[in-house]
Protein chains: 2
Amino acid sequence: MPALNENYLKLEKNYLFINIAKRISKYITDHPESKSNIIRMGIGDVTLPLAPCVVEAVKRGAEEMGVKETFKGYEDSGTGYDFLKNAIAGYYSSFGADVKASEIRISDGAKSDCGNIVDIFGDSNTILITDPAYPVYVDSNLMSGRKIIYADCTKENGFCAAPDQSVHADIIYLCSPNNPTGAAFTFSQLKEWVDYALRNEAVIIYDAAYEAFITEDDVPRSIFCIEGARKCAIEICSLSKTAGFTGLRCGYTVIPEELSFRSSDGTEVFISQLWGRRQGSKFNGVSYPVQCGAAAVFTPEGREQIKVNLEYYKENARILSSALDELGIFYTGGKNSPYIWLECPDGMGSWEFFDYLLNNANVVGTPGAGFGKNGEGFFRLTSFGDREKTLEAAERLKKLLAK
Amino acid sequence: MPALNENYLKLEKNYLFINIAKRISKYITDHPESKSNIIRMGIGDVTLPLAPCVVEAVKRGAEEMGVKETFKGYEDSGTGYDFLKNAIAGYYSSFGADVKASEIRISDGAKSDCGNIVDIFGDSNTILITDPAYPVYVDSNLMSGRKIIYADCTKENGFCAAPDQSVHADIIYLCSPNNPTGAAFTFSQLKEWVDYALRNEAVIIYDAAYEAFITEDDVPRSIFCIEGARKCAIEICSLSKTAGFTGLRCGYTVIPEELSFRSSDGTEVFISQLWGRRQGSKFNGVSYPVQCGAAAVFTPEGREQIKVNLEYYKENARILSSALDELGIFYTGGKNSPYIWLECPDGMGSWEFFDYLLNNANVVGTPGAGFGKNGEGFFRLTSFGDREKTLEAAERLKKLLAK
């Protein structure tokens with residue numbers, strides 16, 4: 001009989017968003033009249049349609065594939081078409097990050113790369129993950145039975161932990177702007193982590209999926225804006241939130257060509273080669289029309305069009321933030337992030353506040369406890385909703401939570 | 001310093017198709033006048049464009065995503081849209097295989113699922129792989145340090161090995177119609193493997209990527225046409241060769257709901273749940289417009305349109321086969337498969353014949369040795385080429401190899 005990967009059996013059974021869906025569904029069964037009144041600000045999914053030039057580019061790509069002369073089969077390299085890698089490298093250089101097109105690999109999304117990147121590392125590593133965090137970092141390491149230690153992100157440090165110099169880690173996950181807290185590292189805070197990684201000879205897996213929401217000048221858009229990062233970091237990025245690609249699926253991962261570590265016999269091994277071997281054996285590249293759509297995002301026209309959507313979401317974030325400001329409720333995020341991470345009022349627990357808000361305001365958010373122990377007592381709202389509903393949710397919050 | 005997954009360092013460095021590309025490029029440098037004369041029948045990639053109704057469906061999907069009311073973000077289940085899973089289930093029932101829509105998971109291609117499926121099993125398993133075989137089966141297991149044993153496919157058994165009852169395996173990889181040999185199991189041959197798996201309480205990972213090329217009635221299109229398979233098999237399939245999706249990327253994996261094994265403490269664990277946990281954490285579903293294109297393949301119009309392409313490739317296979325018949329060269333495949341697997345004439349080795357054919361006929365194929373030790377002395381040609389070039393290649397073979 002095949003032995004199973006029993007690490008899977010140790011994973012939490014109740015996935016956060018399934019649990020949320022169940023509670024909403026029970027509420028609707030009990031209060032059918034409220035169904036249309038519920039405002040959902042739980043799952044971090046976008047709601048605005050794809051930019052027109054992205055739609056046109058996908059259609060053009062599909063049309064090319066219907067004609068023998070321009071048909072595209074397997075991609076030669078499987079790493080993404082040059083037209084897209086060059087466009088992304090150009091975007092990096094626009095904000096001063098030093099990334100070559102040849103260091104970029106196109107993927108079907110940040111989740112796949114975040115989950116699969118663990119494959120190239122041994123199982124004996126000590127993994128450092130911030131708490132709270134996106135569950136994929138934790139789960140993908142538990143699935144391979146690795147030791148995880150946590151960096152506590154709390155109200156006291158503004159949900160931006162600094163490295164604890166007394167602790168050693170081999171692999172470090174950082175996400176900035178952060179999911180779920182919306183907090184974002186400044187240049188100097190991120191520099192501390194890069195220095196820590198270099199001192200520990202550790203690798204940082206840097207999730208930059210929310211970089212498009214950065215508004216403040218002292219917040220870096222990429223870890224490669226930080227000196228030394230090319231010797232210790234892998235960056236994973238996505239068009240899901242930047243350009244509404246959650247259903248179209250496209251992301252990219254950057255591994256600097258000089259990033260290397262030593263195998264147990266002392267041989268220098270380049271990480272881009274290991275990752276190339278992994279992807280070469282287990283992945284066959286991203287759909288050509290999708291890559292065409294992704295490249296359109298980086299054209300001047302595309303930049304203009306996605307900016308409209310980003311501004312819409314950012315304004316939603318401002319609406320929610322000012323409601324919380326008015327209420328005097330502590331929160332992080334909202335400024336450089338589509339997420340607002342608020343402290344549950346009156347010392348309520350995360351799930352308690354979830355039920356309170358659902359029952360008394362018909363507003364759905366995400367209980368912070370679902371992202372780790374430091375999330376207990378906190379709550380995530382997203383700004384990816386409809387303007388009208390966001391305004392209405394802000395009003396309901398103000399009414400319900402006013403002292 | 002992070003420990004690396006050192007199993008990667010034991011993998012073969014020279015990937016087959018890179019090696020082929022290098023030899024062609026050297027030949028062209030030495031004989032620049034031959035460049036346009038070279039006929040490439042090496043890589044198993046299709047050349048005909050996507051069917052018109054697939055192109056239209058992808059475009060329609062893209063358009064829906066450009067309109068707020070019909071925009072698609074994350075898929076709720078991440079397992080594929082019901083419209084596609086229902087279409088595939090309908091296709092299975094058209095040839096009598098018992099597969100429910102809920103047992104199907106849509107993927108970005110067979111390669112990803114073939115590579116990733118190992119994640120849900122422990123590393124202590126004994127893996128049985130036919131030799132020769134598609135390199136992904138071997139590499140994805142070497143990457144996790146598993147013990148592999150081989151079932152020899154040879155000229156004597158028509159490159160269709162029967163199970164060796166004296167050997168135990170936990171996980172068995174079968175591919176039929178086979179890549180690279182083109183050989184296909186009959187119902188009774190496949191039944192032997194299913195019975196062997198049931199007796200050994202093993203799981204079969206069945207790669208059916210080439211089922212659309214089956215022409216003979218006694219060859220099953222799915223392992224789920226075989227009694228007992230639902231208790232021992234996972235089937236991985238793809239639209240890459242069926243409908244020319246090598247660049248569009250879509251496949252599917254079927255795990256019967258009753259397929260289960262026991263964990264070390266005796267608990268019954270359902271394989272579909274383990275795979276769902278793996279995919280739920282490391283994959284976010286397939287692009288919506290691509291799923292629209294995939295569903296079009298299964299409409300009556302789509303079936304008609306892809307049939308034209310399949311017939312074209314099948315006729316190419318007949319052209320190559322009859323050249324070999326005329327020459328009296330032994331081969332398998334060509335009948336139920338786009339691949340023709342021929343014995344190199346005059347006892348030549350695979351790479352020797354590769355060079356001989358390139359130098360003397362400007363025809364490129366794939367050396368059988370690249371697929372395992374039993375591939376030595378054999379050679380793979382594909383029928384995915386242009387009709388004119390296939391006819392020309394057949395003529396060159398006949399001229400060069402005539403006694």
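The values are calculated or read from the model by the stated rules, or taken from the named source; none is laboratory data. Since we're looking at a predicted model, the values are computed, not measured. Positions of Cβ are backbone-derived with ideal geometry, glycine not excepted, and every protein chain shown enters the neighbour counts. All accessible areas refer to the heavy atoms of the entire protein, side chains included, with ligands and DNA or RNA removed. Shrake-Rupley method; radii C 1.70, N 1.55, O 1.52, S 1.80 Å.
Residues being closer than 29 Å to B:ASP108 by Cβ, within 19 Å of the chain's Cα centre (by Cα) and among the aliphatic types (A, V, I, L, M) are entirely absent from the range A:259-269.
Is it true that B:PHE245 is within 14 Å of chain A (Cβ to nearest Cβ), of a type in the set (Phe, Trp, Tyr) and assigned to a strand (DSSP E or B)? Before the answer, list the steps.
On the way: within 14 Å of chain A (Cβ to nearest Cβ): yes; of a type in the set (Phe, Trp, Tyr): yes; assigned to a strand (DSSP E or B): no.
When the stated conditions are applied, B:PHE245 does not pass them.
If we scan the range A:27-38, do we find a residue that is touching a Lys or Arg at 6+ places or on another chain (Cβ under 8 Å) and in a helix (DSSP H, G or I)? Yes - at least one qualifying residue is present in the range A:27-38. Selection over the range A:144-195 of residues that are more than 18 Å from the chain's Cα centre (by Cα) and assigned to a loop (DSSP other than H, G, I, E, B) gives a count of 17. Out of the residues in the range A:322-334 that are open to solvent by less than 40 Å² (accessible area, probe 1.4 Å) and touching a strand residue (DSSP E or B) at 6+ places or on another chain (Cβ under 6 Å), state the one that is farthest from A:THR242 (Cα to Cα). Checking each candidate, the answer is A:ILE329. Within the range A:249-257, can one find any residue that is more than 21 Å from A:GLY90 (Cβ to Cβ), at the interface with chain B (Cβ under 10 Å from one of its Cβ atoms), under 20 Å from the mean Cα position of the chain (by Cα) and not in a helix (DSSP H, G or I)? Looking for residues that are more than 21 Å from A:GLY90 (Cβ to Cβ), at the interface with chain B (Cβ under 10 Å from one of its Cβ atoms), under 20 Å from the mean Cα position of the chain (by Cα) and not in a helix (DSSP H, G or I), one finds at least one in the range A:249-257, hence yes. Of all residues being within 11 Å of chain A (Cβ to nearest Cβ) and touching a residue at least 24 places away in the same chain (Cβ under 8 Å) in the range B:264-276, which is nearest to A:VAL55 (Cα to Cα)? Just the residue, please. Taking the candidates together, the pick is B:GLY276.
Conditions (1) at pLDDT 95 or above; (2) open to solvent by 20 Å² or more (accessible area, probe 1.4 Å); (3) more than 30 Å from B:GLU12 (Cβ to Cβ), marked per residue:
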| position | (1), (2), (3) |
| --- | --- |
| B:TYR312 | yes, yes, yes |
| B:ILE319 | yes, yes, yes |
| B:ASN336 | yes, no, no |
| B:ASP346 | yes, yes, no |
| B:PHE353 | yes, no, no |
| B:PRO367 | yes, no, no |
| B:GLU395 | yes, yes, yes |
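Of the residues making up the range B:344-366, those that are in contact with a strand residue (DSSP E or B) (Cβ under 6 Å, 6 or more places away or on another chain) and either more than 23 Å from B:LYS35 (Cβ to Cβ) or acidic (Asp, Glu) (or both) number 2. Give the range B:25-37 a look and list any residue that's out of contact with any Phe, Trp or Tyr (no Cβ under 8 Å at 6 or more places or on another chain) and surrounded by 11 or more Cβ atoms within 10 Å (Cβ to Cβ), or say none. The answer is B:LYS26, B:TYR27, B:ILE28, B:HIS31, B:LYS35, B:ASN37. Counting the residues of the range B:96-125 that are charged (D, E, K, R), open to solvent by less than 30 Å² (accessible area, probe 1.4 Å) and either over 16 Å from B:GLY285 (Cα atoms) or within 13 Å of chain A (Cβ to nearest Cβ) (or both) gives 4.
Looking across the range B:126-144, the residues that are within 8 Å of another protein chain (Cβ to nearest Cβ) and open to solvent by 10 Å² or more (accessible area, probe 1.4 Å) come down to B:PRO135, B:ASP139.
Among the residues making up the range B:369-387, those that are open to solvent by less than 10 Å² (accessible area, probe 1.4 Å), in contact with a helix residue (DSSP H, G or I) (Cβ under 7 Å, 6 or more places away or on another chain) and touching a residue at least 40 places away in the same chain (Cβ under 8 Å) are B:GLY375, B:ARG380, B:LEU381, B:SER383, B:PHE384. Residue under question is A:GLY302, and the condition is that it be touching a residue at least 40 places away in the same chain (Cβ under 8 Å), more than 22 Å from the chain's Cα centre (by Cα) and in a helix (DSSP H, G or I); does it hold? Answer is no for this residue.
Residues in the range A:261-279 that are assigned to a strand (DSSP E or B) and either of a type in the set (A, V, I, L, M, F, W, C) or crowded, with 17+ Cβ neighbours inside 10 Å (or both): 3 in all. With respect to B:SER238, determine if the residue is at pLDDT below 95, in contact with a Gly (Cβ under 9 Å, 6 or more places away or on another chain), open to solvent by less than 10 Å² (accessible area, probe 1.4 Å) and not aliphatic (A, V, I, L, M). So B:SER238 fails the test. Residues being surrounded by fewer than 21 Cβ atoms within 10 Å (Cβ to Cβ) and not β-branched (Val, Ile, Thr) are represented in the range B:244-257 by at least one member. From the list A:SER166, A:SER176, A:SER144, the lone residue that is at pLDDT below 95 and among the small types (Gly, Ala, Ser) is A:SER144. Of the residues making up the range B:242-263, those that are in contact with a strand residue (DSSP E or B) (Cβ under 7 Å, 6 or more places away or on another chain) and free of Cβ contacts under 8 Å to residues at least 40 places away in the same chain number 3.
Inside the range A:45-95, can you point out the residues that are assigned to a helix (DSSP H, G or I), open to solvent by 40 Å² or more (accessible area, probe 1.4 Å) and either at the interface with another protein chain (Cβ under 7 Å from one of its Cβ atoms) or of a type in the set (Asp, Glu) (or both)? Full working, then the answer.
As a first pass, look at the range A:45-95 and keep what is assigned to a helix (DSSP H, G or I): A:52-64, A:68-70, A:82-94.
Cutting the leftovers down to open to solvent by 40 Å² or more (accessible area, probe 1.4 Å) gives us A:52, A:56, A:60, A:63-64, A:68-70, A:82-83, A:86, A:93-94.
Those that are assigned to a helix (DSSP H, G or I), open to solvent by 40 Å² or more (accessible area, probe 1.4 Å) and either at the interface with another protein chain (Cβ under 7 Å from one of its Cβ atoms) or of a type in the set (Asp, Glu) (or both): A:PRO52, A:GLU56, A:GLU63, A:GLU64, A:LYS68, A:GLU69, A:ASP82.
Note on the range A:193-227: residues that are out of contact with any Ser or Thr (no Cβ under 9 Å at 6 or more places or on another chain), more than 22 Å from A:ALA169 (Cβ to Cβ) and touching a residue at least 60 places away in the same chain (Cβ under 8 Å) total 3. All of (1) within 19 Å of the chain's Cα centre (by Cα); (2) surrounded by 24 or more Cβ atoms within 10 Å (Cβ to Cβ) hold for A:SER287 with one exception: (1).
Taking the criterion of being within 29 Å of A:VAL269 (Cα to Cα) and in a helix (DSSP H, G or I), would at least one residue in the range A:211-223 satisfy it? Checked against the condition, which is being within 29 Å of A:VAL269 (Cα to Cα) and in a helix (DSSP H, G or I), the range A:211-223 yields at least one hit.
Taken over the range B:1-14, the criterion of being at the interface with another protein chain (Cβ under 7 Å from one of its Cβ atoms) and in contact (Cβ under 8 Å) with a residue 40 or more places away in the chain is satisfied by B:ASN5, B:TYR8, B:LEU11.
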